[in-house]
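The values are calculated or read from the model by the stated rules, or taken from the named source; none is laboratory data. Everything numeric in this text was worked out from a predicted model, so none of it was measured. Neighbour counts run over all protein chains shown; Cβ positions are idealised from the backbone, glycine included. Quick note on the areas: whole protein, heavy atoms, side chains included, nothing else; ligands and nucleic acids left out. Shrake-Rupley method; radii C 1.70, N 1.55, O 1.52, S 1.80 Å.
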Amino acid sequence: MRLSVLTAILLGCACLAGCASSATPETVLAVKPSRETTSSVAKGGGPVPEVAVGEGQVRTEGAQEMLAWAGPVPDSHVFETVTKQSAVPSERPADAATMAEMPTQRLGKRSRVYSQQFRDAHPINFGKRAPKHYQVHGVDVSRWQGDIDWMKLRTQGANFAFIKATDGGDHLDPMFQKNWRRAKEAGIKRGAYHFFYWCRVASSQAEWFIRNVPRDPDALPPVIDAEYNGDSACKKRLSREKYVEKIRVFAEMLERHYGKRPIIYTAPDFYEDNLSGELKEYPFWLRSVAAHPSKRYPNRRWLFWQYSGSGLSHGVEGRIDLNVFSGSVNDWHNWLNGQS
């Protein structure tokens with residue numbers, strides 16, 4: 001009796017061992033966490049390389065993840081139903097996770113406004129309404145400013161920064177991610193801007209911007225850069241109505257996604273030809289480097305004024321664009337609270 005029981009036990013153990021040994025390498029590996037990473041989430045990596053994905057090209061999954069670091073964008077036909085849906089994926093890239101974990105500014109709490117210490121390689125006499133008489137100064141940057149010391153730039157008077165994000169429907173500024181993260185770390189109020197290509201469909205450009213610019217409640221409103229581009233392969237000129245229509249489609253899609261009305265940036269020639277008297281419900285950021293905006297854009301209220309493209313500052317090698325906010329320090333904080 002005891003021998004039979006012992007034999008049965010031994011036989012049972014042998015069967016169990018046989019079952020265990022039948023596990024394949026794939027079965028064992030399946031339960032281990034993957035260590036695979038891509039360039040979009042690897043810590044300590046450099047800025048996203050410049051890329052251009054042409055229309056009709058097939059993107060690999062890895063390439064799309066590298067470019068679309070803020071997550072997938074909804075199809076254009078469902079934009080009406082995704083007003084409150086975030087484009088940030090559940091597993092956030094390292095940069096997005098870092099930003100989300102940083103403490104956000106409480107509503108009503110005022111950040112310090114630094115007086116401007118900028119210089120200008122080609123100073124202009126603006127008369128009694130000179131930029132120096134405005135209290136809140138800032139900058140706009142792109143890849144061409146290189147590696148920026150954001151903390152030093154802030155103490156020089158960069159209280160806000162508009163950062164180049166995207167062009168058209170397939171280009172991401174290679175310094176955007178780095179600039180976006182470090183500007184916030186330095187305590188600078190920052191927003192992203194898109195350079196509009198007039199030969200591209202407006203909705204696809206909006207989708208591209210949304211795919212690459214995170215929805216951060218502390219960010220400034222997104223900006224549409226609407227101007228002529230003589231360097232572009234697109235030489236076609238549109239009617240005033242078509243320019244306005246494209247801007248409006250792009251702006252409405254961004255407003256639904258980010259919950260903030262976009263700002264329109266423009267230059268005197270494009271404004272005079274296409275935007276004078278148009279889009280009055282939108283705030284404007286006006287380029288005027290030789291005179292006060294009231295002379296170049298009569299009867300147009302403005303929120304930001306870009307007064308120089310030849311600014312000089314500690315923290316940046318070379319030249320940088322200089323800007324002012326239209327109101328006082330109190331106006332600035334009240335406006336920021338409204339954006340929050």
Taking region 285-304 and keeping only residues that are within 20 Å of the chain's Cα centre (by Cα) and either surrounded by fewer than 22 Cβ atoms within 10 Å (Cβ to Cβ) or not aromatic (Phe, Trp, Tyr) (or both), one is left with LEU286, LEU303
Filtering region 248-272 for residues that are over 18 Å from PHE304 (Cβ atoms) and touching a helix residue (DSSP H, G or I) at 6+ places or on another chain (Cβ under 7 Å) leaves a count of 5
The listed residue being modelled with pLDDT of 95 or more, under 25 Å from the mean Cα position of the chain (by Cα), polar (S, T, N, Q) and surrounded by fewer than 16 Cβ atoms within 10 Å (Cβ to Cβ), out of ASN330, ASN334: ASN334
Could you tell me whether any residue of region 267-276 is closer than 18 Å to PRO221 by Cα, hydrophobic (A, V, I, L, M, F, W, C) and open to solvent by less than 30 Å² (accessible area, probe 1.4 Å)? no
Is it true that LYS235 is modelled with pLDDT under 95, open to solvent by 30 Å² or more (accessible area, probe 1.4 Å), more than 14 Å from the chain's Cα centre (by Cα) and farther than 24 Å from HIS333 by Cα? yes
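Going by the conditions given, is ASP167 among the acidic types (Asp, Glu) and either touching a Cys at 6+ places or on another chain (Cβ under 9 Å) or open to solvent by less than 30 Å² (accessible area, probe 1.4 Å) (or both)?
Here the answer is yes, as ASP167 does meet what is asked.
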For GLU272, are the conditions met, namely being closer than 15 Å to ALA192 by Cα, of a type in the set (Asp, Glu) and without any contact (Cβ under 8 Å) to a residue 12 or more places away in the chain? no
Confirm whether HIS122 is modelled with pLDDT of 90 or more and either open to solvent by 100 Å² or more (accessible area, probe 1.4 Å) or farther than 21 Å from LYS152 by Cβ (or both). yes
Kindly indicate whether LYS132 is open to solvent by 10 Å² or more (accessible area, probe 1.4 Å), basic (Lys, Arg) and within 21 Å of the chain's Cα centre (by Cα). no
Filter result for ILE148 (assigned to a strand (DSSP E or B), at pLDDT 95 or above and either of a type in the set (Ser, Thr, Tyr) or within 21 Å of ASP120 (Cα to Cα) (or both)): no
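Which residues, taken from region 294-340, are of a type in the set (Gly, Ala, Ser) and part of a loop (DSSP other than H, G, I, E, B)? First the steps, then the outcome.
Of the residues in region 294-340, the ones of a type in the set (Gly, Ala, Ser) are 294, 308-311, 313, 315, 318, 326-328, 338, 340.
Passing the criteria: SER313, GLY315, GLY318, SER326, GLY327, SER328, SER340.
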If you check GLY187 against the conditions, is it of a type in the set (Gly, Ala, Ser), under 17 Å from the mean Cα position of the chain (by Cα) and surrounded by fewer than 23 Cβ atoms within 10 Å (Cβ to Cβ)? yes
Cβ-Cβ under 6 Å, sequence separation 6+ or interchain: first residue in region 294-317 and closer than 18 Å to ILE263 by Cβ and modelled with pLDDT under 95, partner buried (at least 19 other Cβ atoms within 10 Å of the Cβ) and not aliphatic (A, V, I, L, M). Which pairs? none
When residues of region 188-245 are limited to those that are among the polar types (S, T, N, Q) and in contact with a strand residue (DSSP E or B) (Cβ under 8 Å, 6 or more places away or on another chain), the one farthest from MET175 (Cα to Cα): ASN229
